[in-house]
Amino acid sequence: MAPFPFRDPGSMTTPRKLHIKSYGCQMNVYDAQRMVDTLAGEGFVETASADDADLVILNTCHIREKASEKVYSELGRLRVAKEEAARQGRDMKIAVAGCVAQAEGEEIVHRAPTVDIVVGPQSYHHLPQLLKRAKESGRALETEFPVEDKFGFLPQPKPDAIRARGISAFVTVQEGCDKFCTFCVVPYTRGAEVSRPVAKIIDDVTQLTENGVREITLIGQNVNAYHGDGPDGRAWPLGKLLQRLAQIPGVARLRYSTSHPRDVDDSLIAAHRDLPELMPFVHLPVQSGADRILAAMNRKHTADDYRRVIDRFRAARQDIAFSSDFIVGFPGETEEEFSATLALVTQIGYAAAYSFKYSPRPGTPAAEMRETVSAAEMDERLGRLQELIDSQQSAFNRAAIGTTVDVLFERAARNPGQIVGRTAYLQPAHVMASPDIIGKILPVRIDSLERYSLIGELAASSTPSLVSQTTIGA
Ligand code: SAH
Ligand code: SF4
Ligand code: F3S
């Protein structure tokens with residue numbers, strides 16, 4: 001195999017066009033950026049439309065049936081675009097990346113002859129070689145879990161690319177999952193948990209902040225299982241990593257996602273207590289409020305364990321707020337067990353939450369479970385849960401009206417003259433102001449709420465600062 005970075009000598013003269021469409025989680029968004037960076041070295045530039053692209057990558061998600069089926073309908077459309085390109089004498093290559101590629105690589109090749117390249121999430125650094133192989137022999141497929149650490153092979157983003165990404169950026173610190181919840185495909189599509197070394201994360205964050213990024217979200221499928229090698233030769237937990245990153249000049253806000261209730265250790269709680277840069281908003285999925293269902297899901301925690309974790313966060317930081325994920329209609333879920341989920345939601349009080357109907361995934365233990373919940377019951381339960389969550393979210397947003405909150409401004413809004421940013425709780429906040437407030441954290445007096453957006457005015461006596469700490473009561 002050619003040593004990385006491989007360069008096709010003919011490719012550097014005329015830029016080729018690359019179009020990536022991403023589905024699924026933040027990890028896929030991050031990976032898409034890394035694919036762009038990798039292929040920039042091959043002379044590819046991004047294009048907004050698939051039709052004029054030389055390479056189209058579908059960066060897919062396998063988490064629920066609906067998500068994976070999208071791939072095949074999209075491939076149908078791309079087949080037409082590819083045929084049209086061929087009529088114009090252009091060669092369009094189509095690649096399927098992401099978790100469907102990993103889970104169904106062979107099947108994609110059979111079902112969709114239009115696909116030239118199938119590449120799993122662990123092999124993106126091989127994209128240049130795969131393109132070459134596809135050119136030479138028609139097709140290229142790579143979905144093996146590699147022996148080497150893919151993180152070591154991916155290029156650092158270039159400063160220009162970072163600038164284009166704006167004020168807020170993701171940094172992968174961990175990938176994969178060893179939890180094997182019985183409903184979930186992630187341990188099969190992303191493999192075992194791997195943590196990046198602390199030094200590499202410090203390098204990434206330093207480079208990002210030197211190029212104008214102010215907010216860093218550390219991402220991982222199970223981010224608080226982080227245990228990367230520290231400079232002292234020990235494995236560092238996430239809390240210690242956050243403490244270190246907060247010292248990097250220019251880091252105004254830190255976040256992390258997605259965490260698991262079982263991996264909340266004292267270092268993470270201490271980070272929330274001690275670091276003003278660490279935002280008081282935690283996505284902590286619980287899935288269900290019923291212990292029998294949690295056990296059948298192999299979550300390895302009870303509803304009370306989860307309540308205690310929430311209490312520890314709240315004791316450390318009084319203004320902390322939470323979001324969560326829920327699954328309704330897991331095999332055998334009774335009405336009483338669903339009510340336990342509603343009771344848990346009522347008791348915790350979320351700022352936001354996502355809820356899903358259970359979707360059986362091939363190869364997972366839950367897909368073999370015989371008892372099922374009818375589609376009608378699932379719909380009904382999802383409706384009730386979403387109504388409750390919506391009412392909590394609206395109440396949380398309404399509570400901001402009349403208060404002054406810190407907003408990190410990110411970009412010009414669609415309405416002329418308006419600038420939009422985010423509060424500590426990721427609520428979008430709009431003000432009329434000059435674009436030079438972009439990149440600053442400023443106090444904003446919130447006047448009203450439009451759907452999910454807060455509308456306000458810059459607080460009169462505001463002195464710009466990178467980190468200030470006015471927050472709304474949660
Ligand atoms: N790593 C995270 C998130 C995993 S996927 C965690 O551990 O929580 C995001 C969400 O999708 C999950 O939290 C779960 O609520 C949902 N999900 C995963 N598999 C699902 C399935 N088979 N059916 C329905 N929802 C599912
Ligand atoms: Fe999936 Fe569970 Fe791992 Fe989350 S913790 S990625 S839900 S197996
Ligand atoms: Fe989907 Fe894979 Fe993310 S299945 S949610 S893209 S890890």
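Here is the list for the stretch 72-148: GluC sites (Glu not before Pro) lying in DSSP coil, each with at most 10 other C-beta atoms within 10 angstrom of its C-beta, are E148. The stretch between D305 and E371, if pulled fully straight at 0.36 nm per residue, gains 21.1 nm over its current Cα-Cα span. Note on the chain: with charges restricted to the Cβ of Lys and Arg (+1) and Asp and Glu (-1), its dipole about the Cα centre is near 700 debye. Span-like helix criteria (full DSSP H runs; alpha carbon extent of at least 30 Å along the helix axis; mean Kyte-Doolittle hydropathy of at least 0.5) are satisfied in the chain by no helix. Considering only beta bridges that DSSP places wholly inside the stretch 282-399, some 0 percent are antiparallel. Taking Cβ separations below 4.7 Å as the criterion for a possible disulfide partner, the isolated cysteines in the chain are C25, C61, C99, C177.
Based on the alpha-carbon gyration tensor of the chain and its eigenvalue square roots a ≥ b ≥ c, which shape applies: rounded if a/c is under 1.5, prolate if not and a/b is larger than b/c, or oblate? Taking the square roots of the gyration eigenvalues as a ≥ b ≥ c, the chain is oblate. Sequentially through the stretch 363-373, phi angles give Karplus couplings (6.51, -1.76, 1.60; θ = phi - 60°) of x, 8, x, 5, 5, 8, 6, 7, 5, 9, 10 Hz, Gly and Pro residues having no value and appearing as x. For the chain, the longest piece that avoids every one of the trypsin sites (Lys or Arg not before Pro) found in DSSP loops with at most 15 other C-beta atoms within 10 Å covers 140-233.
Computed per residue of the chain from DSSP H runs no shorter than four, each worth -39500 (n - 2.57), the mean residue ellipticity at 222 nm is -10500 deg cm²/dmol. Taking the centroid of alpha carbons for each part, the stretch 282-319 and the stretch 365-408 are 16 Å apart.
Please check which bits of the stretch 110-144 a label hung off F180 would reach, taking the label as a point 7 Å along Cα-to-C-beta and the cut-off as backbone N under 13 Å. Within reach of a label on F180, which here means backbone N under 13 Å from a point 7 Å along Cα→Cβ, the stretch 110-144 contributes nothing.
Scanning residues 5 or more positions from G289 or on other chains, those with amide H under 5 Å from its amide H are T341, with H placed 1.01 Å from N in the peptide plane. Measuring against 18 Å, Cα to Cα, the residue pairs K21/K179; K17/K70; K66/K357; K200/K440; K21/K93 contain K21/K179; K17/K70; K200/K440 as the ones spanning a longer distance.
The stretch between N298 and S391, if pulled fully straight at 0.36 nm per residue, gains 30.5 nm over its current Cα-Cα span. For the stretch 311-373, the list of GluC sites (Glu not before Pro) that fall in a loop by DSSP and count at most 15 other C-beta atoms within 10 angstrom reads E371. Contact order, relative form, for the stretch 404-458: 36 percent (alpha carbon pairs under 8 Å, 6 or more residues apart, mean separation divided by residue count). Using the Cα gyration tensor of the stretch 236-380, with a ≥ b ≥ c the square roots of its eigenvalues, what is the shape: rounded (a/c below 1.5), prolate (a/b larger than b/c) or oblate (neither)? Verdict is prolate for the stretch 236-380.
Each reported figure results from applying straightforward, stated rules to the coordinates on display, with no laboratory input. Because the structure is predicted, anything quoted here is derived from the model rather than measured. Every residue, glycine among them, receives a Cβ derived from its backbone with ideal geometry; neighbour counts consider all protein chains shown.
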